[in-house]
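K.L.:
I am attaching a structure below and will ask some questions about it afterwards.
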Amino acid sequence: MKAYFSDFSVSTRSRFELVDITRQVESAVSASKIGDGLCLVYAPHATAAIIANEHEAGLLSDILAKLKGLFPEGAGYLHDRIDDNAHAHLASAFIASSRVFPVRGGRLVRGTWQNIMLVEADGPRTRRVLVEVLGE
Ligand code: ZN
């Protein structure tokens, strides 16, 4: 089995934001030269997450609105006694900081309406995204 690792940075501009990282992830899969296997997309951050969904402007706004509704800022969290971002930790914990995709024929397999996105819940800041491709 071969393993290929790469990473890239994403600069977010808002407190809450969705950043489409499909192109960077697919470039990593291509560079890996791995034909069939798995691709892990992982954000090594406690206040960000990774999702796969449709990149449509209305839906992106809907997702951000739901995120803010599910994890409102400053809602009396204990963590906010030492920090101001408990809402973002909760979002990361419940959405998840990684996703795994199949790789077949040298390409990342995803649905037509599944772009890979970084979920920023405590921006703006610079985020790292790690891509690990395993296979043959
Ligand atoms: Zn914190």
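K.L.:
Using a Förster radius of 25 Å, what is the FRET efficiency between LEU78 and ARG13 based on their Cβ-Cβ separation? Nearest 0.05, please.
P.N.:
The formula returns an efficiency of 0.30 here.
K.L.:
Moving on. If you line up the Cα atoms of the chain on their principal axes, what length do they span on each, largest first, in Å?
P.N.:
Here the spans come out as 49, 32, 22 Å, largest first.
K.L.:
Using protein chains only and a probe of 1.4 angstrom, how many square angstrom of VAL119 are accessible, to the nearest 10?
P.N.:
10 Å²
K.L.:
OK, next. Measure off, as a whole percent, the carbon and sulfur share of the 1.4 Å-probe accessible area of the chain, all protein chains present.
P.N.:
Ligands and nucleic acids excluded, carbon and sulfur give 54 percent.
K.L.:
Could you please report the charge total around ASP122, scoring K, R as +1 and D, E as -1 over all other residues with beta-carbon less than 9 angstrom from its beta-carbon?
P.N.:
Overall, the nearby charge balance is 0.
K.L.:
Ignoring everything except DSSP H segments at least 4 long, calculate the 222 nm mean residue ellipticity for the chain; use -39,500 (n - 2.57) per segment, divide by total residues, nearest 500.
P.N.:
Helix contribution divided over all residues of the chain: -8000 deg cm²/dmol.
K.L.:
When the chain is modelled as a GNM with alpha-carbon springs shorter than 10 Å, which of GLU73, GLU56, GLU17 fluctuates the most?
P.N.:
With Cα springs under 10 Å in the chain, the top fluctuation among GLU73, GLU56, GLU17 is at GLU56.
K.L.:
In addition: Explain nothing, just the number: dipole magnitude of the chain about its Cα centre with +1 on each Lys and Arg Cβ and -1 on each Asp and Glu Cβ, in debye rounded to the nearest 20.
P.N.:
The calculated dipole for the chain is roughly 280 debye.
K.L.:
If I build a Gaussian network model for the chain, linking alpha-carbon pairs within less than 10 angstrom, which residue out of ALA46, ALA91, ALA31 has the largest mean-square fluctuation?
P.N.:
Among ALA46, ALA91, ALA31, the largest GNM mean-square fluctuation belongs to ALA31.
K.L.:
To continue, here is another question. Tell me, which longest segment in the chain has none of the trypsin sites (Lys or Arg not before Pro) that fall in DSSP loops with at most 12 further Cβ atoms within 10 Å?
P.N.:
Result for the longest clean stretch: 34-136.
K.L.:
Between beta-carbons, use under 10 Å as the cut-off and find the net charge around ASP7, counting Lys and Arg +1, Asp and Glu -1.
P.N.:
Numbers: positive: ARG128; negative: GLU132.
Net charge in that neighbourhood comes out at 0.
K.L.:
What does the charge count near TYR77 come to, summing +1 for each Lys or Arg and -1 for each Asp or Glu among other residues with Cβ under 15 Å from its Cβ? The partial results should precede the final answer.
P.N.:
Values: positive: LYS68, ARG81; negative: GLU73, ASP80, ASP83, ASP84, ASP122.
Net local charge, TYR77 excluded: -3.
The values are calculated or read from the model by the stated rules, or taken from the named source; none is laboratory data. A quick note: this is a predicted structure, and the numbers were derived from the prediction, not measured. Neighbour counts are summed over all protein chains in view; Cβ atoms, including those assigned to glycine, are modelled from backbone coordinates with ideal geometry. Accessible surface areas use protein heavy atoms only, side chains included; no ligands, DNA or RNA. Shrake-Rupley method; radii C 1.70, N 1.55, O 1.52, S 1.80 Å.
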